[in-house]
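Right, one structure below, let's go through it.
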């Protein structure tokens, strides 16, 4: 039974970093998140692909035991993203985005997904996020993400999503842009005012911070000597976070803090390879090892 | 008796941030560090000022019980720095630097400082840092800092300093520039290869990381809602770090981790006001409160 429902983009990525170049590789926010979540819980993915979507990409997700019934195959081409990173690997330069079948996508949640208690509204049009939410029966926890594109084009809808979720997640630049402040604490307080219980702000290689009305928590980024490709790090963080919470079942601050550490861990393992390729080398043992290390690197 | 000797610049700063403007305020790397250190240990400051240096600035340092015998008063004008921060407060834009009396400064360590066991070679010409080190009798712990200006103009000397110290401290941009790598882990490894026992890299609002041959530690930046002026944050971090170590007396990784947390705390308190002004509101109680909070915000 699907425990975590994840909606977002499914795509074909062309990525160039100083360490390599790959074309037509499996990508998209929902894909990274679903793979990351699958290390902890049974996850189902909701998205759309075109006729050109290779079977081997579906096979890869199947090997991760991701439920694929939520993937719609439509006439036309799959969403593609072409991006490039410079030497500092900090910011992706988007060279080309082709929405293709994503353009008029209307997510239809499979019957057997609707009872799932954990929902991740990954980076996709906020109207689609809202449509997914309406189709869910009674989720226990809804997590959301977004990106600058939607903040600029559909700010009101992005805010509506934030209002409806339990944990609003976004990265530092997005939080600053959405609430028109340079200060992350101020941005987090705005999120909480919109009635999210938890505001989590991702800071890329610098980790993430979480705020509630009464407390806050900081998880550092895992210092990596060999980052190959940061694509999907934020989505992996989110996927592992919700996957872990679904496994623990109880939603409280202590579990959310642990979930953020697992998010950082899975993201740090993911970026050690190009695209999704490094996920093949991620397993429970490696995750546990790095969890122990996180305990050590944050102890004083 | 002076326990910590701190060398660096003593100056008059003109600072402009979106939140205020001050002119001729007490500044300089040694000043911020010595005040921060003075919360933990008896600290002596080594530097030079001109005839124009106002008595009230000396009075302020005296109130902090900083030993001022290492301050030389010379004919001429005091070093001045004029800088500006934009809304994101992340990087200072240097508008003007006048070395003045600092130009031909030759530090002479007072007799009673030479037995001190803790030395901080703050940001100043690396040749002066080396000269200070030679005058010290048998320091137990030497900490160093630097800045891009010296890396660009006297790289070999900067590396010589790093070779001679126990803890090499620098910020992320400096570490990247000094070792010509974008990767901080690689830069830290280069520092350790030069025979420093500990490499500490400051990351501004994102905290700091420490590396030894076998382990690493990450302290987050304290999330602040009201940063007024980041000037001196890195120097305050360093000062509190060495001041705390001098108080604890024993140098081991556990104490260095704690010292980094105290460094983050004092820096976070300092930046809540313009220039050094907020130091007047910093006391043991506030430091202890924030230490308890750091325990909480890093716990999972």
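Values in this text are rule-based calculations from the coordinates and carry no lab data. Please read all numbers here as calculations on a predicted model, not as lab measurements. Neighbour counts run over all protein chains shown; Cβ positions are idealised from the backbone, glycine included.
Here, region A:162-231 has an Rg and a Dmax of 12.8, 39 Å when only alpha carbons are counted.
Could you work out the relative contact order of region A:56-200? I mean the mean sequence separation of Cα pairs under 8 Å and 6+ apart, divided by the number of residues, in percent.
Details: 194 pairs, mean separation 21.5, N = 145.
Relative contact order here is 15 percent.
In units of the compact-protein estimate 2.2 N^0.38 Å, region A:1-85 shows a Cα radius of gyration of 1.08. Overall size of region B:63-111 from C-alpha positions, given as principal axis extents largest first: 45, 27, 15 Å. Counting Cβ atoms of other protein chains within 10 Å of each Cβ in A:202-213 and taking the mean gives 2. Annotation: the antiparallel percentage among DSSP beta bridges lying fully within the protein assembly as shown is about 40. For chain A, averaging the sequence separation of C-alpha pairs within contact (under 8 Å, six or more residues apart) and dividing by the residue count gives a relative contact order of 18 percent. Calculated translational diffusion coefficient of region A:147-300 (37 °C, 0.692 mPa s; Stokes-Einstein with Kirkwood radius over alpha-carbon pairs) equals 205 µm²/s. Position residue B:97: other-copy label points at 4.1 nm, ordered by increasing distance, label point 7 Å along Cα→C-beta. The packing ranking of peptides B:40-51, B:118-129, A:73-84, highest mean first, is B:118-129, B:40-51, A:73-84, where packing means the average number of other beta carbon atoms within 10 angstrom of each residue. Just checking the listed ones, A:111, A:152, A:214: in the Gaussian network model of chain A with Cα springs under 10 Å, the one fluctuating most is A:214.
Suppose R0 equals 30 Å; then what is the FRET efficiency for residue A:296 and residue B:90 from their Cβ-Cβ distance, rounded to the nearest 0.05? Before the final figure, lay out the partial values.
Working: r = 30 Å, r/R0 = 0.99.
Efficiency, rounded to the nearest 0.05: 0.50.
Taking every DSSP beta bridge with both residues inside chain B, roughly what % is antiparallel (nearest 5)?
Numbers: 20 of 50 bridges.
So the antiparallel bridges amount to about 40 percent of the total.
Report, to one decimal in Å, the Kirkwood hydrodynamic radius for the protein assembly as shown based on all distinct Cα pairs.
Working: mean 1/r = 0.0394 Å⁻¹.
After inverting the pairwise mean of 1/r, the radius is 25.4 Å.
Which of the three applies to region A:4-297, rounded, prolate or oblate, going by the alpha-carbon gyration tensor with a ≥ b ≥ c and a/c under 1.5 meaning rounded? Rounded is the answer for region A:4-297, as its axis ratio a/c remains below 1.5.
Per DSSP helix of 4 or more residues, -39500 (n - 2.57); summed, then divided by the residues of the protein assembly as shown. What does that give at 222 nm, rounded to the nearest 500? Intermediate results must be reported in sequence, preceding the final value.
Working: 20 runs with 222 residues, N = 600.
Computed ellipticity for the protein assembly as shown at 222 nm equals -11000 deg cm²/dmol.
Across the identical copies, the 7 Å label point of residue A:180, projected outward along Cα→Cβ, sits 4.7 nm from its counterparts, in ascending order.
Build a GNM of chain B with springs between Cα atoms under 10 Å apart, and of B:53, B:237, B:87 the one that fluctuates most is B:87. A label point on residue B:134, set 7 Å along the Cα-to-Cβ line, lies at 7.9 nm from each of its counterparts in the other copies, closest listed first. Computed extension length for residue A:62-residue A:149: 28.3 nm, one decimal, from 0.36 nm per residue of separation with the Cα-Cα distance subtracted. For region A:195-259, the alpha carbon positions stretch 35, 24, 19 Å along the principal axes, listed from largest to smallest. Residues in region A:231-258 near a label at residue A:140, defined as backbone nitrogen under 16 Å from the 7 Å Cα→Cβ point? Taking a point 7 Å out along Cα→Cβ of residue A:140, the residues of region A:231-258 whose backbone N falls under 16 Å are A:241-257. Take the Cα of residue B:248, step 7 Å toward its Cβ, do the same at residue B:111, and the gap between the two points is 3.5 nm.
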